[in-house]
Amino acid sequence: MAHNADMEEDSRLLHTGKAGDIQREIDQLAAQLSRKKGALEDLFRTCEHQWGEIRSVPYETGGYTAPGDPPGTMGVDWRPPVYVPRQSHSRWVRTCQVCGYTQVTQRSTTAVTETKVPQF
Ligand SMILES: [Zn+2]
């Protein structure tokens, strides 16, 4: 690990001319990217999120036939075409009205509500 970092450091020292210019620009952009990511994380952490309405955005997978091995393929592990059934998945999205942070989840719990049923 440390060895790789040392080698990267070395190659930077070796670059001159155009290569050196590009490497310096890459380093500046990398630093800028790191600062921006930090700023975004700070925003997410410090905002007192006020969530807007939860939107349901389900998605589907499957509904196609996986081709399997081409005809003429030899061997005992030959795989035939397999139909992958269409499946619907639940997904929800909410967005903070203050900072715009958008969260996506596929996790859910089942709400159980108790209804009073009179007994005579
Ligand atoms: Zn927020």
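General remarks:
- Members of region 93-107 found to be surrounded by 14 or more Cβ atoms within 10 Å (Cβ to Cβ) and either more than 14 Å from the ligand (Cβ to nearest atom) or among the aromatic types (Phe, Trp, Tyr) (or both), listed by number: 93, 101
- Positions within region 37-54 being among the aliphatic types (A, V, I, L, M) and within 10 Å of the ligand (Cβ to nearest atom), in sequence order: 43
- Restricting the first member to region 27-53 and to residues that are at negative phi, and the second to residues that are among the aromatic types (Phe, Trp, Tyr), the beta-carbon pairs closer than 8 Å and six or more apart or on different chains are 43/101; 44/101; 47/101; 49/101.
- Criterion: part of a helix (DSSP H, G or I) and in contact with a helix residue (DSSP H, G or I) (Cβ under 7 Å, 6 or more places away or on another chain) - qualifying residue of 23, 28, 32: 23
- Pairs, first of a type in the set (A, V, I, L, M) in region 89-107, second at pLDDT 95 or above and near the ligand (Cβ under 9 Å from one of its atoms), C-beta under 6 Å, six or more apart: 98/47; 98/50
- With respect to the stated conditions, residue 66 fails to be among the hydrophobic types (A, V, I, L, M, F, W, C), modelled with pLDDT of 95 or more and at negative phi.
The values are calculated or read from the model by the stated rules, or taken from the named source; none is laboratory data. Note that the coordinates shown come from a computational prediction; the quantities given were computed from them, not determined experimentally. Backbone-built Cβ (ideal geometry, glycine too); neighbour counts: all protein chains shown.
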